[in-house]
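Everything on this sheet refers to the single structure shown next.
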Amino acid sequence: MRSLYDVPAPAKLNLFLHITGQRADGYHLLQSVFMLIDWQDLLHFEHLQSTEISRLDLNPQAQLPADDLCTRAAKALQTATGCTQGVRISIEKSIPSQAGMGGGSSDAASTLIALNRMWNLNLSRADLEHIGVQLGADVPFFIRGRNAWVEGIGEQITPLSDTATLPPSSFWVIKPEAGLTTQSIFGSPSLQRNTKPATIEDFAADHYGFGHNDLQPVAEALCPDVMKAKHWLNSQGMRAIMTGSGSAVFAQKCKDIDLQAASSSWQIKLCNNLEKHPLLHWVPE
């Protein structure tokens, strides 16, 4: 296969995020539901005869570091398989960075899935997840390809059962201009770390109203725009919550809103949730 174009890499939202403890090695124990949405990056892959891995950013406003997760994913796949083929990766970046929406992890997952197909490697989903987890904790979720209940340090991924399947819905998502780093949130001494563990049944009783984000108070102290975005969505009659480690905030759509009244520095997008990853059928079980 010589090339693959318009390969999607969808974002995710954390419908809630509870921190239930901390291990002796410093890793935090969490519970969350990860939901795929249709805010996505597009990746293009062109086969190279050499072993070179190169990348081109098609969005001048979203320049990635030289060794981003896509190039690292391609190199990791080469190393794991001994593949001597190369690739030129072009990225149309749309998902904002430092938003808590998993954009970089999703790009890495789509890169692994696409190159497994283009290079005819025929690795299983479990094989790709083993490579992906070394790139980032969220990468296996995107490779798994279904909305999921997530526990442990993020490695325990359980696809939502029929009783907990997410109803189709739309969400207003706001990304303030400022971003947040995961390290700054989890390193805060004021972070709540003892939320009582919940069950999937607790969540299924109120899919879009259950729980909270334990990271949000710390994020609001570090980035006041998170609080401003939350209050603005709340003022529109919706329940707003931050996703992941921020700084994006979202709310289930219950009505249209007047975007003219929102801050001009915010990125605002109306997103739909996805039942499954668009590339789910590309990966052999």
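Remarks
- Dipole check for the chain: with +1 at the C-beta of Lys and Arg, -1 at the C-beta of Asp and Glu, and the Cα centre as origin, the magnitude is about 120 Debye.
- Of the trypsin sites (Lys or Arg not before Pro) found in region 1-98, those that fall in a DSSP loop while having at most 10 other beta-carbon atoms within 10 Å are R2, R23.
- For trypsin sites (Lys or Arg not before Pro), the sites in region 190-261 that DSSP calls loop and that have at most 12 other Cβ atoms within 10 Å are K255.
- Along each principal axis, Cα extent of region 15-109, largest first, Å: 49, 31, 21
- With every protein chain in place, the chain: carbon and sulfur % of accessible area (1.4 Å): 49
- Karplus (6.51, -1.76, 1.60) ³J(HN,Hα), θ = phi - 60°, over region 10-17, in Hz, Gly and Pro reported as x: x, 7, 10, 10, 8, 5, 7, 8
- Longest segment of the chain lacking chymotrypsin sites (Phe, Trp or Tyr not before Pro) that sit in a DSSP loop with at most 15 other Cβ atoms within 10 Å: 28-209
- Within the same chain, lysines fewer than 8 places from K269 are excluded, and of the rest, those with a Cα less than 28 Å from its Cα are K12, K93, K175, K228, K230, K253, K255.
- Solvent-accessible area per residue for the chain (1.4 angstrom probe, square angstrom): 44
- Each Lys and Arg Cβ is given +1 and each Asp and Glu Cβ -1; about its Cα centre, region 168-285 then shows a dipole of about 180 debye.
- Pair A178, Q63: separation of 7 Å Cα→Cβ label points (nm): 2.4
- Of the residues S50, L128, M238, the one whose Cα sits farthest toward the positive end of the charge dipole of the chain, with +1 on the Cβ of Lys and Arg and -1 on the Cβ of Asp and Glu, is M238.
- Pair K75, T51: separation of 7 Å Cα→Cβ label points (nm): 1.3
- Only DSSP H runs of four or more residues enter the estimate; each adds -39500 (n - 2.57), and after division by the residues of the chain the mean residue ellipticity at 222 nm equals -7000 deg cm²/dmol.
- Here the 3J(HN,Hα) profile of region 180-194, calculated from phi with Karplus coefficients 6.51, -1.76 and 1.60 at θ = phi - 60°, is 9, 9, 4, 4, 5, 6, 5, x, 6, x, 8, 5, 5, 10, 9 Hz, Gly and Pro shown as x.
- Nearest-0.05 FRET efficiency for H130 and E201, computed from C-beta distance (R0 35 Å): 0.70
- Two tests apply to each whole DSSP H helix in the chain, Cα reach of 24 Å or more along its axis and mean Kyte-Doolittle hydropathy of at least 0.5, and none passes both.
- Looking at the chain alone, DSSP beta bridges between its own residues are antiparallel in about 90 percent of cases.
- Relative contact order computed over region 97-150 (Cα-Cα under 8 Å; 6+ residues apart), in percent: 39
- With the largest listed first and rounded to whole Å, the semi-axes of the equivalent ellipsoid of region 171-285 from the Cα gyration tensor are 23, 21, 16.
- Cα centroid separation - region 177-204 against region 23-47, whole Å: 15
- Here the Karplus relation 6.51 cos²θ - 1.76 cosθ + 1.60, evaluated at θ = phi - 60°, turns the backbone of region 34-39 into coupling constants of 9, 10, 6, 10, 8, 7 Hz, with x for every Gly and Pro.
The values are calculated or read from the model by the stated rules, or taken from the named source; none is laboratory data. Every value quoted in this text rests on a predicted model; they were computed, and no experiment measured them. Ideal geometry is used to build each Cβ from the backbone, glycine not excepted, and the neighbour counts take in all protein chains shown. The accessibility values were calculated without ligands, DNA or RNA, using every heavy atom of the protein model including side chains. Shrake-Rupley method; radii C 1.70, N 1.55, O 1.52, S 1.80 Å.
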